[in-house]
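So the structure is just underneath, and the comments pick up after that.
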Amino acid sequence: MKYLLFIMLVLGINVYGQNKLLIPDALSGTSFELNIQNGTVQFYDGQITTTMGTNGNILGPTLIMNKGDFVDIRVTNNIEDTTTIHWHGMHVSAANDGGPHTTIAPDTSWNPKFTVLDKAATYWYHPHLHEKTNKHVSLGVAGFIIVKDDDEAALELPRTYGVDDFPLVIQTKEFDGNNQIIVPTNSDDIPMVNATINPYLNVPAQIVRFRLLNGSSQRVFNIGISNNLAFYQITSDGGLLSAPVQLTRLRMAPGERAEILVDLKGLENQQIKLMSFASELPSGIYGAAQPGMSSMMTLNGYNPNPLNGANFDLLALNVKEQTSEAVTTIPNKLVTVTPLSEDDSDITRDITFNPAQMGPNQLNGNFLINNLHFDMDVINFSIPFNNTEIWSITNQSGIAHPFHIHDVQFYILSRNGIKPGLNEQGRKDVILIEPMETIRFITQFTDFANDSVPYMMHCHMLVHEDGGMMLQFEVVDQTTGTGQLFPTNRKLKIYPNPVSREFDKITVEGVENGWLHYELFNMNGQLLVKKSTKSAQKQFSIRVDDLNKGEYVLKVMGNTETVAGKIIIR
Ligand code: C2O
Ligand code: CU
Ligand code: CU
């Protein structure tokens, strides 16, 4: 069947709009039951496809939450694999975040509870088990979270779910000869929206809101509408923009969300299409004709893929009669967006992406971040609580990577030194970084600290992430205002700081029962020293004479208290 579809695509025969778009059920309130389960879907004639879903065969219900609510979620794992569920984009404590350390064994449940602190926008949930994220997401586990708040409610926007407000998760998959989903794949040749192949949706002739999510394993889409109809982006990943941004194209990388408004007035009885104009993607992006920056960089199975560098349909929109309570105008303002100021930054961290080795087929990886490969047992960054930080991320590999960070939303300061476009001036948690590009963003690590569970930062191309293009960080409480140096008013005293390499040792005072662990990192998050010691004294010293002069992060775990902060060796 897929070969027939392929031939029809090549011949330009319109095969779109045959299947009614699936709209996931919506659940609202403050308590949610999610069951991760095996399922089946009849995608093609003949053999049914084995899938995974949440509360159903594939995908999962849309969870509608209000900012300020305290939600209680029970996630039960009814599949054979251990898995996790992560609330992508939401600002929750690390223990509630559902990263790879918070596993849910088969036939057990996990019960996170948290206050919704996020701004109104579209978030999503998906599994995050290390090395199995791609499998679980590709087989179908993914769902939307819609957060509502007063600022959003005050605006005249379409918000009737399934009537003028639609979640659209865009994915590509590959099927084998028995109609089974292949994971991982570079031959993801079947686009689908809401797990529906060749979908159509009836929409009213008024302003309609689409909550777009790129839920693909790897592919970047260049969203547009047939006939180049303009649309208006109103949110970035984590909140409303200051005003709708008029666009005809919107590039979306895996993990990114964007809500758009489309004005369908006057188009009654017509059909328009949501498309990906991938022919316009520059080289170096998965989805372009040439995925690597140069022909040296190849990818097995990539080229015989009809979607690469091609324009293809995603969703046919059949415009029908206007509803009685139609929104008919695009607002000209949305909310006040107040990005953090560069002047408030405590530290700049440099992050680099690079391939572990150059050579053919390197586009699958493996890729490193600051020359490091993911290790479940190493916390790469100890970030002082409440720190405001600028991260400067440079991609020195031949393919674009969508960088994602847990816990926080960030504001992009620049792309290669240039201020980003208007639609990238809002809150973000994923950013596509092209080859040889440097992106600087600013963020602040508020509210959650001192958890024993780390947060993740990683490439959201799931093949890269599973392959180890991921690091982890902890936010550690300390009490200084600047976040620069250790506090002096704590049980654990650490001095002197700065410390002289020639004359001093660092003294750690206030160690109870003599137990002490400490870890020393360079500013790139690389663990240099890790020690546990039992000392009879209530103090302990750390020698620094074999270290280079410069700045380090020291994390000290006493019996009852952990502190971390920057130390300077002179
Ligand atoms: Cu969408 Cu770390 O995840
Ligand atoms: Cu996330
Ligand atoms: Cu990547």
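The values are calculated or read from the model by the stated rules, or taken from the named source; none is laboratory data. Values in this document were obtained by computation on a predicted structure and should not be read as measured data. Note that each Cβ is placed from the backbone with ideal geometry, even for glycine, and that neighbours are counted across all protein chains shown. Areas reflect the complete protein model, heavy atoms only, side chains present, ligands, DNA and RNA absent. Shrake-Rupley method; radii C 1.70, N 1.55, O 1.52, S 1.80 Å.
Points to keep in mind about this one:
- Selection status of TRP110, within 16 Å of ligand 1 (Cβ to nearest atom) and aromatic (Phe, Trp, Tyr): no
- Filtered residues of segment 356-377 (kept if modelled with pLDDT under 90 and open to solvent by less than 30 Å² (accessible area, probe 1.4 Å)): GLY359, GLN362, LEU363, GLY365
- Residues (under 30 Å from THR562 (Cβ atoms) and open to solvent by 20 Å² or more (accessible area, probe 1.4 Å)) located in segment 416-452: ARG427, ARG440, GLN444, THR446, ASP447, PHE448, ALA449, ASN450, ASP451, SER452
- Condition met for ASN66 (open to solvent by 10 Å² or more (accessible area, probe 1.4 Å), away from ligand 1 (no atom under 16 Å from the Cβ) and touching a residue at least 24 places away in the same chain (Cβ under 8 Å)): yes
- Number of the condition not met by LEU462 [criteria: (1) more than 17 Å from the chain's Cα centre (by Cα); (2) at pLDDT 95 or above]: (1)
- The residues in segment 64-84 that are farther than 7 Å from ILE36 by Cβ and assigned to a loop (DSSP other than H, G, I, E, B) can be counted, and the count is 7.
- Failed criterion for LEU117 (all others in (1) in a strand (DSSP E or B); (2) closer than 30 Å to ALA243 by Cα; (3) of a type outside the set (Gly, Ala, Ser) hold): (1)
- LEU241 falls short on exactly one of the conditions (1) in contact with an Asp or Glu (Cβ under 8 Å, 6 or more places away or on another chain); (2) part of a strand (DSSP E or B); (3) open to solvent by less than 10 Å² (accessible area, probe 1.4 Å), and that condition is (1).
- Filtered residues of segment 169-189 (kept if buried (at least 21 other Cβ atoms within 10 Å of the Cβ) and aliphatic (A, V, I, L, M)): VAL169, ILE170, ILE181
- Residues that are open to solvent by 30 Å² or more (accessible area, probe 1.4 Å) and out of contact with any Pro (no Cβ under 8 Å at 6 or more places or on another chain) were ranked within segment 113-134; the one that is nearest to ligand 3 (Cβ to nearest atom) is GLU131.
- Hits in segment 78-107 (condition: among the small types (Gly, Ala, Ser) and near ligand 1 (Cβ under 10 Å from one of its atoms)): GLY89, GLY98, GLY99
- The residues listed here are ILE79, ILE146; of these, the one that is touching a His at 6+ places or on another chain (Cβ under 9 Å) and hydrophobic (A, V, I, L, M, F, W, C) is ILE79.
- Checklist (1) open to solvent by 20 Å² or more (accessible area, probe 1.4 Å); (2) closer than 16 Å to PRO454 by Cβ; (3) in a loop (DSSP other than H, G, I, E, B) applied to PRO106, failing item: (2)
- If you go through segment 85-103 and keep only what is part of a loop (DSSP other than H, G, I, E, B), over 22 Å from THR235 (Cα atoms) and at pLDDT 95 or above, you end up with ILE85, ASP97, GLY98, GLY99, PRO100, HIS101, THR102, THR103.
- Listing of strands (runs of 3 or more DSSP E) fully contained in segment 346-437 that carry 3 or more residues being within 12 Å of ligand 3 (Cβ to nearest atom): 347-355, 367-369, 401-405, 430-433
- Answer from THR76, THR49, THR83 - the residue that is away from ligand 3 (no atom under 16 Å from the Cβ), surrounded by 20 or more Cβ atoms within 10 Å (Cβ to Cβ) and over 21 Å from the mean Cα position of the chain (by Cα): THR49
- Check on VAL208, within 16 Å of ligand 2 (Cβ to nearest atom), touching a Pro at 6+ places or on another chain (Cβ under 7 Å) and under 30 Å from VAL262 (Cα atoms): no
- Check on ASN38, closer than 21 Å to THR172 by Cα and either assigned to a loop (DSSP other than H, G, I, E, B) or at pLDDT below 95 (or both): no
- Filter result for the condition that a residue is of a type in the set (Gly, Ala, Ser) and either in contact with a Lys or Arg (Cβ under 7 Å, 6 or more places away or on another chain) or open to solvent by 10 Å² or more (accessible area, probe 1.4 Å) (or both), over GLY162, GLY255, GLY215: GLY162
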